[in-house]
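Report on the following structure.
The values are calculated or read from the model by the stated rules, or taken from the named source; none is laboratory data. Everything numeric in this text was worked out from a predicted model, so none of it was measured. All Cβ positions, glycine included, derive from the backbone under ideal geometry; neighbour counts span all protein chains shown. Accessible surface is based on the protein model in full, side chains and every heavy atom, while ligands, DNA and RNA are left aside. Shrake-Rupley method; radii C 1.70, N 1.55, O 1.52, S 1.80 Å.
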Amino acid sequence: MYLKLNSYFLEPDSNVVIELFNGTFDRSDNVIDRDRMIDASVVVNGEKMAIDTANWFERETTTYLNFKTRSPGTYVSGVSTKPRSIGMSAEDFNDYLEHDGVLDMLAFREENGTLADTAIERYSKHVKTIFQVGDKLTEAYKTELGYPIEFIPLENPYDLHPGQNLSVKLLFNQQPLANQLVYIGSQTITVEHTHDGHTHTHNDETGHIHDELRQFRTDANGLLEAPITSEGVWYLRTIHLVEINEVGLTHESNWATLTFGVSGGHSDEREHAEGLPDYIYVIISLLLIAVLFWFFNRNK
Amino acid sequence: MSIKKSILSLALFISPILANAHDVSGVDRLLLENGNLLTYIWVGAKHMLTGYDHLLFLVGVIFFLIEFKQIVKFITAFTLGHSITLITATYLEVSVNEYLIDAIIGLSVFYKGFENLGLFQKYLKISPPHLLNMVFIFGLIHGLGLSARLQSFTADQEGIFLKILSFNLGVELGQVLALVPIVYLINLWRKRNSFGAFFKAANTYLLIAGIALATYQIWQFLGHS
């Protein structure tokens, strides 16, 4: 489940439609029932506002949340859903673990010989998006919405340029979640091609769109550094799934996503320069000194 | 392409690494939020070790210094200068524009290369200002840059004075750790015939790097103002 905007850079006092995708980042499979939403809110400049349910509407498979921006600043919006349960055959459960990248649980089942076990999973989803209104960068990006699981950026994503890292903390029940698999994806317009195992697609009708998905793991403090390689829309997603010992249930999962936009805001030449890793510049500097040394040594 | 144009192009190309010299990651910020005074020492030392612009200026300063006593004297002047502004500006919460301060720090790197290469006499027909005074003044400016950085990741004012002192101690430790191998290498090379060429190459690089840093920071300032 993801919160998405057509543009993550908005003007004050403008109408915004936040899309709630229930499915993948690219496709919403179905709408979320209104009574499932425990929280749907927007935070800016220290003020948390509930999104008026009268301004929600559903169309086909997507839920839309209407909202009007106020003063300039960095906004965070979140939606948290009530838990639901689903029963799955062993095969379906294993397929889901593999397809959604819950690889630790899949490995656990393989190691313990439980691949043939059916599952009844209680799941809930908690999603956030961060967007920028006007030019003024404010502190709302690091707001903890108090969801069972949530990503908290440690710096404002709208203060980032391509080539920099975004430090993110992952909390589970308000505590850092260590060693958790996190997938970082992006949808960017770029001229670069990498073929090191990333998935990517090209859409010639809309230019040159590059979809990328990479796998990371939080450290012992629940932290990870997300490399922001280019401008575009970025997202983080994770599924924390554990076995539980409750009547009628075998597993419990909490899903979290975070979406935000990254703007280059500068010329192509400069973007290319910022995309290069630091060590390239160190090497260039050393080479430059070496060339200068050769030049002066030859002409002494 | 003329030599001047070549130098300007190189300066613009290497500017991002120099600008990144002051990057303080969110991880550092979190460490400081949750850490003790030792954490401030650690982050101060790390900041200095990766603060290429401070180190480039110091490299320029120590090029002319041969005796250990001289090195200690000049580094002390720099340390005194940056400690004064780091401590007072942070404690009094005096905020300066980071881009402008970093641009001036870039110009201090350029200045040192310009002076070392004897370009004051060659092009301006004047003697350069007294080096010890200039090192102290530039120390004050570098301290403002360090203060701006410390203020950007220290929100909690509780025990702020000890935090500033710890960060400053870390900066000094990082400075010593970085300078020991640099001084050793320069002095080792000083005995070789090729030292003259190395001296010119390194100081020409300081000119380029100084222009690069100042240009990049001014550009950033204009983009954020």
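Below 12 angstrom from the Cβ of A:L236, what's the summed charge of the other residues (Lys, Arg +1; Asp, Glu -1)? Neighbour charge sum, excluding A:L236 itself: +2. Out of the range A:1-110, which trypsin sites (Lys or Arg not before Pro) are coil in DSSP terms and have no more than 14 other C-beta atoms within 10 Å? Within the range A:1-110, the qualifying trypsin sites (Lys or Arg not before Pro) (loop, at most 14 other Cβ atoms within 10 Å) are A:R27. For the chain pair A and B, buried accessible area totals roughly 2300 Å², probe 1.4 Å, rounded to the nearest 100. Full extension of the chain between A:S71 and A:S263 yields a length gain of 67.1 nm, computed as 0.36 nm times the residue separation minus the alpha carbon distance.
What is the percent carbon and sulfur in the accessible area of the range B:23-224, measuring with a 1.4 Å probe over the protein chains and ignoring ligands? Using a 1.4 Å probe with all protein chains present, the range B:23-224 comes out at 69 percent carbon and sulfur. Shielding of peptide A:214-225 by partners, expressed as the average count of other chain Cβ atoms within 10 Å per residue Cβ, is 1. Estimated at 0.36 nm per residue, the fully extended path between B:L188 and B:L92 surpasses their Cα-Cα distance by 30.2 nm. Taking a ≥ b ≥ c as the square roots of the Cα gyration tensor eigenvalues, chain A comes out oblate, since a/c reaches at least 1.5 and a/b does not exceed b/c. Pick out which of A:L103, A:L177, A:L236 has the largest mean-square fluctuation in a Gaussian network model of chain A, springs linking Cα atoms closer than 10 Å. Top of the fluctuation ranking is A:L103. Result for chain A in a Gaussian network model with C-alpha springs under 10 Å: among A:E155, A:E91, A:E144, the largest mean-square fluctuation is at A:E91. Considering only A:K82, A:K142, A:K169, the mean-square fluctuation computed in a Gaussian network model of chain A, springs between alpha carbons under 10 angstrom, is largest for A:K82.
Placing one equal scatterer on every Cα of the range A:40-147 and applying the Debye formula, the log10 ratio I(q)/I(0) at q = 0.20 Å⁻¹ is -1.01. When only Cα pairs below 8 angstrom with a gap of at least 6 residues are kept, the range B:23-224 shows a relative contact order of 41 percent. Computed with a 1.4 Å probe over protein heavy atoms only, the accessible area of B:I101 comes to about 20 Å². Peptide A:283-296 shows a mean partner chain C-beta count of 5 within 10 Å per residue C-beta.
Return one whole number: the accessible area per residue of the range B:153-206 in Å², for a 1.4 Å probe.
I get 51 Å² per residue for this part.
Take A:H161: with every protein chain present and a 1.4 Å probe, its accessible area is about 40 Å². For chain A, the membrane-span-like helix rule (DSSP H, alpha carbon extent of at least 18 Å along the helix axis, mean Kyte-Doolittle at least 0.0) picks out A:278-298; this says nothing about an actual membrane.
Helical runs (DSSP H, four residues minimum) scored at -39500 (n - 2.57) apiece and divided by the length of chain A put the mean residue ellipticity at 222 nm at -5000 deg cm²/dmol. The alpha carbon gyration tensor of the range B:143-220 gives principal lengths a ≥ b ≥ c with a/c of 1.5 or higher and a/b no greater than b/c, which makes the shape oblate.
Centroid-to-centroid, using Cα positions, the range A:213-245 and the range B:68-137 are 43 Å apart.
When a/c is below 1.5 the answer is rounded, else prolate if a/b is larger than b/c, else oblate, so apply that to the range B:23-224 with a ≥ b ≥ c taken from the square roots of the Cα gyration tensor eigenvalues. It is prolate, given that a/c is not under 1.5 and a/b is the larger ratio.
Holding the Cα-Cα limit at 29 Å, pick out from B:K46/B:K191; A:K125/A:K169; A:K4/A:K136; A:K125/B:K46; A:K4/A:K48 the pairs that are longer than that. Over 29 Å apart, Cα to Cα: B:K46/B:K191; A:K125/B:K46.
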